[in-house]
Amino acid sequence: MLLCFHQTQAQDTTYISLEKLLQQVETNYPSIIAYQYYIQSIQAKADGAKAWMPPTFSTGVMRWPYNFSMLNEKNNPMNQAGIAFSLEQMIPNQSKLNAKKNYINSLAEIEKSKSEWTKNELRREAKILYYSRFVTEKKQLILKESEEILELLITTSEDKFSNNQSQLQTTYKAKARLAELSNMLLMLDQMIAESNIGLNILMVRDVNTPFQVDTSIAPHNYSINITDTSSVSNRSDITAMSKYIQSMKLEQKVMKIGNRPDFGVRAEHMQMFGMPNQWSVMGMMTIPIVPWSSKMYNSENKSLGFQIQSMEQEKLSMELMAKRMLSEKLAMLNYENAQYQSYINNIIPAYENNLQANLLAYKQNTGDFFVLLDAWEMLLMKKLEAYDKLFNILKLEAEYEYEKEIK
């Protein structure tokens, strides 16, 4: 019992559902972590956006005579030498600081939207790889079942050949088909290995780590309406574009108020040698409204205005392309679903009946092994085609969820 418990526990650790896999991808993939660090760096920069420049301290000699002997003459009016100490502090315009902080914070919002869109792209890639492995394993089961049936048919054909009731060339053809099945199984093993490597890389694990996938995946059967494309404006990539436009407007505001004055204060003390000590306090104000300064602000502001108009048109183009892609995926889903249902409800049952009828005729010595082999082969081919249709549906649903950013 303990052995069975440990084996069951080991199997559970290797099973990964699609939801768990997507969660690991969104948590561990390096590009997502890189976005998080970059957002934190922007936020850290925004925290210091309203900081003042440090005060400036300066000292030095003033009116120092070349004749050093004059420094000892206390009452000589020509002795104006001294040592100056000054402290200066610039006081920035508060509206400039607020505008700068708002602009920096807007950059973090852009990166958040870009991070969400990167997650959406990774989800699509992971889903397609996961569905590929799921369908490939289903094909493996079909091939193994068909292999067992074909081996039984070959054994029956060889027995009948000994009684002159079967043709040798048809038996050889069946054995050739059996060898081809082995090759097909090897090809499917290769496809599973490729999917495993891709999924392990997305989960940031060793590429050879084994795991089991969900075997009960089914299409979501979305309520498909080709005209339903209104939600594309809420996609992260388009939202990132909107936030980028808003950020440029905030940058434009920074440029607009850049011609507002800054202020400062300077306190100075003069330690004199031949006359009384002196002091001074001065206030300062920048004057950026002069023509050679205001021209720079106006040109930058005008340039940003044109860039904003360009970005708005680019956003509109992205929305139109997203609506087109979403409508195409929905239309293709309609057709693929109809074809898949036809395979399940009509085509495969008809070929199964055909195989059963030929098998019965062959057992009663009224049928031909060549026709029976052809019926077996056609049924296998149609089952594999049905799984190809299923994969197309799952892939289109993944792309549909990507276009609508369904998590």
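General observations
- One residue from M332, M311, M296 being modelled with pLDDT under 95, part of a helix (DSSP H, G or I), under 40 Å from the mean Cα position of the chain (by Cα) and under 29 Å from L380 (Cα atoms): M332
- From L141, L152, L129, L122, residue being under 30 Å from Y387 (Cβ atoms), in contact with an Asp or Glu (Cβ under 8 Å, 6 or more places away or on another chain) and open to solvent by 10 Å² or more (accessible area, probe 1.4 Å): L122
- Within region 118-138, not a single residue is within 18 Å of M381 (Cβ to Cβ), more than 13 Å from the chain's Cα centre (by Cα), assigned to a helix (DSSP H, G or I) and among the acidic types (D, E).
- Residue identified as modelled with pLDDT of 90 or more, more than 24 Å from V213 (Cβ to Cβ) and of a type in the set (D, E, K, R) among E147, E158, E109: E109
- Summed over region 224-240, residues that are in a helix (DSSP H, G or I), surrounded by 16 or more Cβ atoms within 10 Å (Cβ to Cβ) and modelled with pLDDT of 85 or more total 5.
- Of residues in region 260-279 being open to solvent by 50 Å² or more (accessible area, probe 1.4 Å) and out of contact with any strand residue (DSSP E or B) (no Cβ under 7 Å at 6 or more places or on another chain), the one nearest to Q94 (Cα to Cα): R260
- Q313 within 30 Å of L250 (Cβ to Cβ) and among the polar types (S, T, N, Q): yes
- Odd one out for N392, checked against (1) surrounded by fewer than 14 Cβ atoms within 10 Å (Cβ to Cβ); (2) at pLDDT 95 or above; (3) farther than 24 Å from E147 by Cα: (1)
- Qualifying residue in region 62-84 (condition: in a helix (DSSP H, G or I), in contact with a Lys or Arg (Cβ under 7 Å, 6 or more places away or on another chain) and of a type in the set (S, T, Y)): no
- Hey, L304 surrounded by 13 or more Cβ atoms within 10 Å (Cβ to Cβ) and farther than 30 Å from M78 by Cα or not: yes
- Being outside any loop (DSSP other than H, G, I, E, B), at pLDDT below 85, within 37 Å of the chain's Cα centre (by Cα) and charged (D, E, K, R) holds for only one residue in K256, K249, K243, and it is K256.
- Selected residue (criterion: surrounded by the fewest Cβ atoms within 10 Å (Cβ to Cβ)) from residues of region 344-368 that are assigned to a helix (DSSP H, G or I) and charged (D, E, K, R): K363
- Odd one out for Y297 among (1) surrounded by 12 or more Cβ atoms within 10 Å (Cβ to Cβ); (2) closer than 30 Å to T170 by Cβ: (2)
- Residue among E19, E26, E73 that is acidic (D, E) and either within 24 Å of M272 (Cα to Cα) or modelled with pLDDT under 90 (or both): E73
- Options N183, N196, N208; residue that is touching a Pro at 6+ places or on another chain (Cβ under 8 Å) and at pLDDT 90 or above: N196
- Selection count where residues are open to solvent by less than 30 Å² (accessible area, probe 1.4 Å) and part of a helix (DSSP H, G or I), scope region 91-116: 9
- From the options K323, K383, residue that is of a type in the set (K, R), within 38 Å of the chain's Cα centre (by Cα), buried (at least 19 other Cβ atoms within 10 Å of the Cβ) and at negative phi: K383
- From N93, N98, N102, N67, residue being over 30 Å from Q23 (Cα atoms) and modelled with pLDDT under 85: N67
The values are calculated or read from the model by the stated rules, or taken from the named source; none is laboratory data. Note that this is a predicted model, so its numbers are computed, not measured. Note that we place each Cβ from the backbone using ideal geometry, even for glycine, and neighbour counts take in every protein chain shown. Remember, those area values only see protein heavy atoms, side chains included, never the ligands or the DNA or RNA. Shrake-Rupley method; radii C 1.70, N 1.55, O 1.52, S 1.80 Å.
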